[in-house]
Amino acid sequence: MILERLTILNYKNIAQADLELSPKVNCFIGLNGEGKTNLLDAIHFLSLCKSATTGQDSLVIRHGEEFMMLEGHYRKEDAAVEVVHCGLKRGQKKVMRRDKKPYKRLAEHIGLVPLILVSPADQMLIAGGSEERRRFMDVVISQYDRNYLECLMRYNKALLQRNALLKMEDAQPDELLLALWEEQMAHEGELIYASRQRYIDEFTPLFQQYYDRISGGREEVRLQYTSHCQRGPLLEIIQRDRAKDLAVGYSLHGVHKDDIEMLLGGFPIKREGSQGQNKSFLIAMKLAQFEFLKRTGSRTAPLLLLDDIFDKLDAGRVEQIVKLVAGDDFGQIFITDTNREHLDRILATAGMDHKLFFVRGGEIDS
């Protein structure tokens, strides 16, 4: 799937843009705060129905405006064109359309235009809490397995309802109702766990291969998935500590507590890794996500968004990354950088078809 044309209206600091894009590499150059990341975020919104940088839809509407609009014209492998449109007015729900037909449920759109974003915010995978690492799994699995997304939604609803019962201060919660939500959490949770475990098992060797290529094979890396489901039947685990949950007012056990241990040389990279090693680790994870997603789901090369990724990397690692993404395995790529000379060197090394765009104050010129 190739994004041939992107139209933006009132998205964050971008008042208006209408871009004809290269099928291979699109580079957006500008100083920090000018709108480069916002442009990539608009592409992300069209693929995943949400911003990568804010959880509140209304915040993507440009200050002083009442609505925003995004439209992407995508060319499929069979040369057919798909038009994806998103509209959002303040105080209303967003509307996503595919070829002018609105989706009944946004989940139906996820996976049509697979996408991987690599950005400075990825550092939270290492530095942040377990929710960041769960999201890392969920974003990719949801793009190739719609049943997984449905399970996740049902699990989160059951978790929310159980937590609401646990927080009741004036009365004991209805035990039958509590048991009902616990059974749904356990049923959906074990399906989620099985999908995550399969993903990590298949994903880890790919990740290790990419890290070896970026680092020159100098370091050993590993991922280890941890879950309460590994202790036995989830329903038993949830119900065993119901008294503790009532005391604290929320659910202490379940797949909403799953995590991934990220290891460098057998030790947590959070403690052992240098800036360059951390960045190499994260980029390898994202490129492996790309490879995994390409092999599954729609079996098309995802869009690859590289947001300011070359900072804090030595020349050798940058060269290896460029060689990787310049290969035939990768499809359409979007790159942002503050340094024109830096990008020129990268493009000269890669020798790929490309377009350059300059971003200033939310305005984009080619």
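Name the residue farthest towards the positive end of the dipole of the chain from the options 269, 136, 346, assuming +1 on Cβ of Lys and Arg, -1 on Cβ of Asp and Glu, about the Cα centre.
136
What relative contact order, as a whole-number percentage, does the chain give when Cα pairs under 8 Å and 6 or more residues apart are counted? Mind dumping the intermediate values first?
Numbers: 648 pairs, mean separation 94.9, N = 366.
Normalised by residue count, the contact order of the chain is 26 percent.
Positive end of the charge dipole of region 134-297 (Lys, Arg +1 and Asp, Glu -1 on Cβ, about the Cα centre): tell me which of 163, 148, 233 has its Cα farthest that way.
148
When the label point is put 7 Å from the Cα of residue 146 along its Cα-to-beta-carbon vector, which residues of region 93-122 have a backbone N closer than 14 Å?
Label zone hits: 98, 103-113.
Return the distance in nm (one decimal) between the two label points of a simple spin-label model at residue 187 and residue 261, each offset 7 Å from Cα along Cα→Cβ.
If labels sit at residue 187 and residue 261, their model points lie 3.3 nm apart.
Rounded to two decimals, what is the ratio between the C-alpha radius of gyration of region 134-297 and 2.2 N^0.38 Å?
Output field value: 1.22.
Highest GNM mean-square fluctuation, the chain, Cα pairs closer than 10 Å: which of 51, 274, 251?
In the Gaussian network model the winner is 274.
Answer rounded, prolate or oblate for the chain, using the Cα gyration tensor with square roots of eigenvalues a ≥ b ≥ c: rounded when a/c is under 1.5, else prolate when a/b is larger than b/c, else oblate. Intermediate results must be reported in sequence, preceding the final value.
Working: a/c = 2.00, a/b = 1.37, b/c = 1.46.
Since a/c reaches 1.5 but b/c is at least a/b, the shape of the chain is classed as oblate.
For residue 95 and residue 131 in the same chain, what is the full-extension length gain: residue separation times 0.36 nm, less their Cα-Cα distance, in nm?
Length difference between fully extended and current span is 10.2 nm.
If I model a spin label at residue 168 and residue 344 as a point 7 Å from the Cα along the Cα→Cβ vector, what separation in nanometres do I get?
7.0
Have a look at the DSSP beta bridges in the chain and tell me what percent are antiparallel, nearest 5.
70
How much mean residue ellipticity at 222 nm does the chain get from its helices, if each DSSP H run of length 4 or more adds -39500 (n - 2.57) and you divide by all residues, to the nearest 500 deg cm²/dmol? Walk me through the intermediate numbers first.
On the way: 11 runs with 155 residues, N = 366.
After summing the helix terms and dividing by residue count, I get -13500 deg cm²/dmol.
Quick check for me: using +1 on Lys/Arg Cβ and -1 on Asp/Glu Cβ, what's the dipole size of the chain about its Cα centre, in debye to the nearest 20?
On the way: 50 positive and 54 negative charges, 87 e Å.
With Lys and Arg at +1 and Asp and Glu at -1, about 420 debye.
List the residues of region 254-271 whose backbone N lies under 15 Å from a point placed 7 Å from the Cα of residue 220 along the Cα-to-Cβ direction.
The answer is 263-269.
Obtain the nm distance between the two label points defined at residue 247 and residue 76 by a simple spin-label model: each point lies 7 Å from its Cα along the Cα-to-C-beta direction.
5.7
Read-outs throughout are calculated quantities, based only on the coordinates presented, and are distinct from any laboratory measurement. Bear in mind that the values here come from a model prediction, so they are computed numbers and not experimental data. Positions of Cβ are backbone-derived with ideal geometry, glycine not excepted, and every protein chain shown enters the neighbour counts.
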